[in-house]
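Q: The structure is given below, and queries will be raised subsequently.
The values are calculated or read from the model by the stated rules, or taken from the named source; none is laboratory data. Note that the coordinates shown come from a computational prediction; the quantities given were computed from them, not determined experimentally. Using ideal geometry, Cβ is built from the backbone for each residue, glycine included, and neighbour counts are taken over all protein chains shown.
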């Protein structure tokens, strides 16, 4: 039964306007709005700090950071909505924390470069401190650079195989109380102070009647490096898909050969990166070197006999002299050490990119 048309056109009921502050279709701030908020916050922070008589730029920066968070949240709430305001507040908080972490690092790097670059030259890199007084402007870092390369090299030769084999055991074979004990002691060794490692090797030297040498310092650095290599290698081995292991074992290949030919080549990029970062971690250690190597003004290319120097010990030694020329040498040596660590990190990134699994066709 059909209803007759009444001739009256019905209109849908109007929808109520969205509640203010909760609409998903509100206005949108321009893309460069955060830069404007930052500029206003910096200006207000400087103005408030100057008006209050605060001369510390750190205080000005903290005020500007707080104002940036408040201005970003309020402006986004008014123009857009509260949901977008909360999202922008979280994003702004991440950026503020990032800048707070980067500013000291950038300040340290800038200070080191500005004060060390004036003394850093070929002469400084190719001469030692033999016969040079602390107040003289001559002398170089060659003997300390040789000591650092040899000590770090010996520590790497010892630590890399031990750390790699320990990580392979924990990932591929480790089960039961032994594996748990090894994991526990690796975690403990990761956090031990460097002076403890130096005291341990020093006690062995005193018991065995050994003389200070670069080898003793390298052994202390080995103790600090092994847990870093184990942890990084272990995580890289865990990232290798189990399907690769299962496919190899299904073909009848022994487990040791599967590890050698499948697992390790797959994770070699991350393993090399971990080793490089571990080297960078021990390159700046000073306490074990002071205890075990004793330092030397002469060039000693033999790490197994006699006192040696290193870049961290050289920096400490020159700063302790207290002369203007020694301060310049200390800053230049610090710049060399930073460059050494930076080169290692770049090499690690290059190896990781080179050995990364290829994607696509």
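Q: For segment 323-331, check the following and say yes or no: at least one residue is buried (at least 17 other Cβ atoms within 10 Å of the Cβ) and under 27 Å from residue 274 (Cβ atoms). I'd like the intermediate steps shown before the answer.
A: Going residue by residue through segment 323-331, those that are buried (at least 17 other Cβ atoms within 10 Å of the Cβ) are 325-326, 328-331.
Cutting the leftovers down to under 27 Å from residue 274 (Cβ atoms) gives us none.
There is no residue in segment 323-331 that is buried (at least 17 other Cβ atoms within 10 Å of the Cβ) and under 27 Å from residue 274 (Cβ atoms).
Q: On to the next question. Pull out all pairs, ordered by first then second residue, where Cβ-Cβ is under 7 Å, the residues are six or more apart or on different chains, the first lies in segment 89-101 and is more than 11 Å from residue 73 (Cα to Cα), and the second is at pLDDT below 90 and surrounded by 11 or more Cβ atoms within 10 Å (Cβ to Cβ).
A: 96/65; 96/68; 96/69
Q: Given the criteria in the same structural domain as residue 237 (by TED's automatic domain parsing), within 18 Å of residue 140 (Cβ to Cβ), modelled with pLDDT of 90 or more and buried (at least 23 other Cβ atoms within 10 Å of the Cβ), does residue 314 qualify?
A: yes
Q: Hey, another quick one. For segment 188-204, which residues satisfy the criterion of being farther than 27 Å from residue 266 by Cβ, surrounded by fewer than 17 Cβ atoms within 10 Å (Cβ to Cβ) and in contact (Cβ under 8 Å) with a residue 40 or more places away in the chain?
A: 193, 195, 199 - these are the residues of segment 188-204 that are farther than 27 Å from residue 266 by Cβ, surrounded by fewer than 17 Cβ atoms within 10 Å (Cβ to Cβ) and in contact (Cβ under 8 Å) with a residue 40 or more places away in the chain.
Q: OK, next. For residue 126, which of the numbered conditions (1) surrounded by fewer than 12 Cβ atoms within 10 Å (Cβ to Cβ); (2) in contact with a helix residue (DSSP H, G or I) (Cβ under 7 Å, 6 or more places away or on another chain); (3) closer than 20 Å to residue 323 by Cα fails to hold?
A: (3)
Q: Scan segment 119-141 for residues that are in a helix (DSSP H, G or I) and either touching a strand residue (DSSP E or B) at 6+ places or on another chain (Cβ under 7 Å) or free of Cβ contacts under 8 Å to residues at least 24 places away in the same chain (or both) and jot them down.
A: 122, 123, 126
Residues are listed down the side, and each one gets a yes or a no for (1) over 30 Å from residue 147 (Cα atoms); (2) in the same structural domain as residue 192 (by TED's automatic domain parsing); (3) touching a helix residue (DSSP H, G or I) at 6+ places or on another chain (Cβ under 8 Å):
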position	(1), (2), (3)
244	yes, yes, yes
256	yes, yes, no
265	yes, yes, no
272	no, yes, yes
276	no, yes, yes
282	no, yes, yes
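Q: Please specify each residue of segment 38-60 satisfying the condition of being closer than 18 Å to residue 98 by Cα and at pLDDT below 85.
A: 57, 58, 59, 60
Q: Tell me, yes or no, whether segment 69-85 has at least one residue that is under 23 Å from residue 104 (Cβ atoms), assigned by TED's automatic domain parsing to the domain that holds residue 104, free of Cβ contacts under 8 Å to residues at least 60 places away in the same chain and assigned to a helix (DSSP H, G or I).
A: Scanning segment 69-85, I find at least one residue that is under 23 Å from residue 104 (Cβ atoms), assigned by TED's automatic domain parsing to the domain that holds residue 104, free of Cβ contacts under 8 Å to residues at least 60 places away in the same chain and assigned to a helix (DSSP H, G or I), so the answer is yes.
Q: Residues of segment 206-252 being part of a helix (DSSP H, G or I) and surrounded by fewer than 17 Cβ atoms within 10 Å (Cβ to Cβ), which ones?
A: Selection gives 206, 207, 208, 235, 238, 242, 243, 244, 246, 247, 249, 250.
Q: I'd like the residue in segment 348-361 that is farther than 17 Å from residue 284 by Cβ and assigned to a helix (DSSP H, G or I) and, out of all such residues, is modelled with the lowest pLDDT.
A: The residue in question is 355.
Q: Go through the residues of segment 152-159 one by one and say whether even a single one is buried (at least 21 other Cβ atoms within 10 Å of the Cβ), modelled with pLDDT of 90 or more and in contact with a strand residue (DSSP E or B) (Cβ under 6 Å, 6 or more places away or on another chain).
A: Scanning segment 152-159 turns up no residue that is buried (at least 21 other Cβ atoms within 10 Å of the Cβ), modelled with pLDDT of 90 or more and in contact with a strand residue (DSSP E or B) (Cβ under 6 Å, 6 or more places away or on another chain).
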